[in-house]
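Peer 1: One structure is given below, represented as structure tokens, and several questions about it will come after.
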Amino acid sequence: MSIYNWIQEKLFHNYEEWHMKSPDYNRNGFNIVGIDNTLKAMQDGFFMYMELYPPHAIDGCTAMKARVGKTQDAVDILLDIDNKTYCMADVSYPDAVRMMRTFVKKRRVPDRSLCVEVANLDLEQMRATFTELATLLLGDAKLAKSFMAKAKLDSMEDLEDSWWNFYEKLLSRRRAVELNWKCELEDFLHNVQKLIRNKVLDTGEDLTVDTAALDEEQCITNWSAYLNSTWEAHKLVGMDIGSDSFVLMVLSNEEYNKAQELARDLLHRIDVAERL
């Protein structure tokens, strides 16, 4: 370790040689409070995972990862040790913060006897989940099958790429629109009306927008929140692609609930647009 990195670590708690990965961060160097903040974002439903990579293996451990658990108040901790992956399920957020801080600050790995060996990624289940989501949002099982035939899901990096390709497919099929977060009200309304027209063509359902109630001085999250407060059976939802863009869709409440669940299982996020 260089003198500079030693000073950063001991005096400022900046870990220049460690790597952190999350939906909005993927590089070397982070302050220790980044662990707390990222896990808090997971608890609040904004992030689905985070990963820590030491500069050298610690007792054989080359990575510690947190993934959203089955409940809102817990995460699963994964340890990559000697080319195997071990899982500690249903860890509370305070305990996850403590474990990950200890891993970084004290170079200490949790007791492996508390973990069970698992597959790092359940590729078969992941492909089935992605196929179900693609069929739901594309509205065409044949098209979804064609898309999934080209999708690679052998790693987290492949999953990220496939998620990006999926968003582009939704745009090309006019199942979604993409807007800049600084967009004008006129552009927002124009694109939402396009989504509504396509939804009406698909289902015959009627959706209306009270344009007079929208304030052009506000922003896309305010407008989205208003629409969602006025629609009873539908939601204006967004697909999180890790950028400032809003990828918007109009879904029925049932479609939204299912899409949110499936996306979560893929460690990605579909949520009401105002929460993006």
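The values are calculated or read from the model by the stated rules, or taken from the named source; none is laboratory data. Everything numeric in this text was worked out from a predicted model, so none of it was measured. Don't worry about glycine lacking a Cβ; one is built from the backbone with ideal geometry, like all the others, and counts go over all protein chains shown. Areas reflect the complete protein model, heavy atoms only, side chains present, ligands, DNA and RNA absent. Shrake-Rupley method; radii C 1.70, N 1.55, O 1.52, S 1.80 Å.
Peer 1: What number of residues in the range 102-124 are of a type outside the set (A, V, I, L, M, F, W, C), touching a residue at least 12 places away in the same chain (Cβ under 8 Å) and open to solvent by 60 Å² or more (accessible area, probe 1.4 Å)?
Peer 2: Counting residues in the range 102-124 that are of a type outside the set (A, V, I, L, M, F, W, C), touching a residue at least 12 places away in the same chain (Cβ under 8 Å) and open to solvent by 60 Å² or more (accessible area, probe 1.4 Å) gives 5.
Peer 1: Would it be correct to say that ARG67 is in contact (Cβ under 8 Å) with a residue 60 or more places away in the chain, out of contact with any Lys or Arg (no Cβ under 8 Å at 6 or more places or on another chain), open to solvent by 10 Å² or more (accessible area, probe 1.4 Å) and closer than 30 Å to ALA176 by Cβ?
Peer 2: yes
Peer 1: Another question, then. Looking only at the range 149-164, filter to residues that are surrounded by fewer than 19 Cβ atoms within 10 Å (Cβ to Cβ) and assigned to a helix (DSSP H, G or I); which one of those is modelled with the lowest pLDDT?
Peer 2: The selected residue is MET156.
Peer 1: Quick one: would you say ASN222 is polar (S, T, N, Q), within 28 Å of THR131 (Cβ to Cβ) and assigned to a helix (DSSP H, G or I)?
Peer 2: no
Peer 1: It is to be established whether one or more residues within the range 165-180 are free of Cβ contacts under 8 Å to residues at least 60 places away in the same chain, polar (S, T, N, Q) and open to solvent by less than 70 Å² (accessible area, probe 1.4 Å).
Peer 2: So far as the range 165-180 goes, no, none of its residues is free of Cβ contacts under 8 Å to residues at least 60 places away in the same chain, polar (S, T, N, Q) and open to solvent by less than 70 Å² (accessible area, probe 1.4 Å).
Peer 1: So which of LYS169, LYS106, LYS65 ends up being modelled with pLDDT of 95 or more and more than 21 Å from the chain's Cα centre (by Cα)?
Peer 2: Of the residues listed, the single one that is modelled with pLDDT of 95 or more and more than 21 Å from the chain's Cα centre (by Cα) is LYS106.
Peer 1: Kindly indicate which of GLY242, GLY238 is open to solvent by less than 20 Å² (accessible area, probe 1.4 Å), assigned by the TED database to the domain that holds ASN257, touching a residue at least 24 places away in the same chain (Cβ under 8 Å) and not in a helix (DSSP H, G or I).
Peer 2: Criteria check complete, one pass: GLY238.
Peer 1: Under 17 Å from THR135 (Cα atoms), of a type in the set (A, V, I, L, M, F, W, C), surrounded by 15 or more Cβ atoms within 10 Å (Cβ to Cβ) and in contact with a Ser or Thr (Cβ under 9 Å, 6 or more places away or on another chain): is that true of LEU251 in this structure?
Peer 2: Considered against the rule, which asks whether it is under 17 Å from THR135 (Cα atoms), of a type in the set (A, V, I, L, M, F, W, C), surrounded by 15 or more Cβ atoms within 10 Å (Cβ to Cβ) and in contact with a Ser or Thr (Cβ under 9 Å, 6 or more places away or on another chain), LEU251 comes out as no.
Peer 1: Pick out the one residue from TYR49, TYR25 that is among the aromatic types (Phe, Trp, Tyr), open to solvent by 20 Å² or more (accessible area, probe 1.4 Å) and under 13 Å from the mean Cα position of the chain (by Cα).
Peer 2: Going through TYR49, TYR25 in turn, just one is among the aromatic types (Phe, Trp, Tyr), open to solvent by 20 Å² or more (accessible area, probe 1.4 Å) and under 13 Å from the mean Cα position of the chain (by Cα): TYR25.
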